[in-house]
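Everything below concerns the one structure shown next.
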Amino acid sequence: MRPVPLEQIAEWAGGCLRGGGGRAITSVVKDSRQAVEGSLFVCLKGENTDGHLYIEEARKRGAAIMGRSSSADIDVDFPEEALAAIAAGYRNSLPALITGVTGSCGKTTVTRMIEHILSGFLNVAASPASYNNKLGVSLSIFNIGSETKAGILELGSNHSGEIEDLCKIARPWTGVITFIGDAHIGNFGSRAAILEEKLALPLSLAPGSSFIYNADIEDLRKSVRSLNGLDLIGYGFSENADLRIENYKAIEGKSSFSLGGEPFFIGNLGAHNVLNSAAAATVATLYGISFKSSAARLESFTLPPQRMQEFTAGGIDFIDDSYNSNPSALKNLFSELLKIHPQRNIIAVLGQMNELGKYSSELHREAGEFLAGLKNISYILAGGVDSSSLIEGAIAAGFPGDRVFKFESHKEAAEIIKEYALENTLVVLKASRREGLEKIIGYIK
């Protein structure tokens, strides 16, 4: 963060400056333990504590204070809204070219891939892992300095209007939509509403801006192509893509493909990661980075934790893809594994897919029906509120009842895995983040 006078911070926040005038702010924090000389400590209320309780601790560390308090240096009515206003003001003072990344899935990986590519050639700052709501985007913007050439911001949404609000803060120069699926459908009510929400990103761009999207998603492609005044670039496997992925192969835990006539080799399995790579490489071209250079950088890229993470524990092979889950992501994962590992006996270990609202039971049942139709699924283990619906769907679709198990704890799931994992078994973990499915591994080792 470039130094900003506290007086300017107070003006952006719309707050009352009560003290600390003449100071320069060089970082913004919400955790008093991170406060140092030059920090602005923002007092936020969370589920478990209230930042206002730590005003004196942060002040002793040399920080200026912003909160709803007469003892704060900047007194505001709504600290989180004030933080967003400061972020917007600060962003408007920066020369950095910002890319916004959104989508029902893949946005964190694409953000990391773009950062990895660009960091080899220019000064880049990116959102920390999943800092994609109003608070996270605001804090991410403060990581951008006056020398930063590119800012890569992940933009998430679990309710209507959120992407529009985030774009008002971030003011992106370009953007990418990675995928449209069922994530958060319980909040939005329909896939069409999810698509409409994501389209707030290209609609926020200045006329003449470039916009990148997954051309394999039909409703996304049609909607984006109806937009006027933007340079639209679609990537994907289909003939509808402007930049078509060709020659895709998955061999020994790695993937190869070509894009724009350039060969790519990535150390990650799955067509979805090939799409993620194509999205990142296409964004990089807007910053002047060639496909050849992006391909060279992506060879050394490693996925964030719990995303197609392959390892062996207790003599059993695992793929941990449990960072998050939704119906589309689940189907894509197991369809791809059928192609990559057609000879493996897969034990599918599935936790709850959250934020599906009134559709949750039905969508879990459909997931069970889908898995029952895959020839390399040998056992299904299901946990969570709607596990019974998933199991019922699998059995109704013809999956053997003696190969389906409901687990109530991570330990119980581990015991079932250890009993039924054979020499050629591959155990796949898939669930929403709060299910913590990776904890099963602790009972395997």
Checklist line | Residue among Asn133, Asn143, Asn187 that alone is touching a His at 6+ places or on another chain (Cβ under 6 Å) and surrounded by fewer than 22 Cβ atoms within 10 Å (Cβ to Cβ) | finding: Asn187
Next item on the list: Working only within the range 396-413, note down all residues that are surrounded by 18 or more Cβ atoms within 10 Å (Cβ to Cβ) and either at positive phi or assigned to a helix (DSSP H, G or I) (or both).
Entry: His410, Ala413
Item checked: Cβ-Cβ under 6 Å pairs, at least 6 apart or on other chains, the range 67-82 side without any contact (Cβ under 8 Å) to a residue 60 or more places away in the chain, far side in a strand (DSSP E or B) -> Ala72/Ile65; Ala72/Met66; Pro79/Val42; Pro79/Gly67
Item checked: Flag if Thr312 is within 22 Å of Phe407 (Cβ to Cβ) and either at pLDDT 95 or above or hydroxyl-bearing (Ser, Thr, Tyr) (or both) -> yes
Next item on the list: For the range 207-218, name all the residues that are in contact (Cβ under 8 Å) with a residue 24 or more places away in the chain and not in a strand (DSSP E or B).
Entry: Ser209, Ala215, Asp216, Ile217
Next item on the list: Count, please, the residues in the range 419-436 that happen to be under 19 Å from Ile377 (Cα atoms) and either hydrophobic (A, V, I, L, M, F, W, C) or within 23 Å of the chain's Cα centre (by Cα) (or both).
Entry: 8
Item checked: Near pairs, Cβ below 9 angstrom, 6+ apart or cross-chain, from the range 332-349 (under 12 Å from Ala421 (Cβ atoms)) to any residue that is among the polar types (S, T, N, Q) and in a loop (DSSP other than H, G, I, E, B) -> Arg344/Asn376; Arg344/Asn424; Asn345/Asn376; Asn345/Asn424; Ile346/Asn376; Val349/Ser322
Checklist line | Residue in the range 344-380 that is modelled with the highest pLDDT, counting only those that are among the basic types (Lys, Arg) and within 26 Å of the chain's Cα centre (by Cα) | finding: Arg365
Notebook entry, point to check: Is it true that Tyr287 is under 30 Å from Leu97 (Cβ atoms) and within 16 Å of the chain's Cα centre (by Cα)?
Noted result: no
Note to self: Ala296 - would you say it is surrounded by fewer than 18 Cβ atoms within 10 Å (Cβ to Cβ) and part of a loop (DSSP other than H, G, I, E, B)?
What the structure shows: no
Checklist line | Odd one out for Ile416, checked against (1) of a type in the set (Val, Ile, Thr); (2) in a helix (DSSP H, G or I); (3) within 29 Å of the chain's Cα centre (by Cα) | finding: (3)
Note to self: Just to be sure I understand the filter: pairs with C-beta atoms under 6 Å, separated by 6 or more residues or on different chains, first member in the range 138-161 and at positive phi, second member surrounded by fewer than 24 Cβ atoms within 10 Å (Cβ to Cβ) and modelled with pLDDT of 95 or more. Which pairs pass?
What the structure shows: none
Check: Hey, among the residues in the range 1-39 that are free of Cβ contacts under 8 Å to residues at least 60 places away in the same chain, among the charged types (D, E, K, R) and in contact with a Ser or Thr (Cβ under 9 Å, 6 or more places away or on another chain), which one's farthest from Phe142 (Cα to Cα)?
Finding: Arg18
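The values are calculated or read from the model by the stated rules, or taken from the named source; none is laboratory data. Quantities reported herein were computed from a predicted structural model and do not represent experimental measurements. For neighbour counting, all protein chains shown are included, and Cβ atoms are generated from backbone atoms with ideal geometry for every residue, glycine included.
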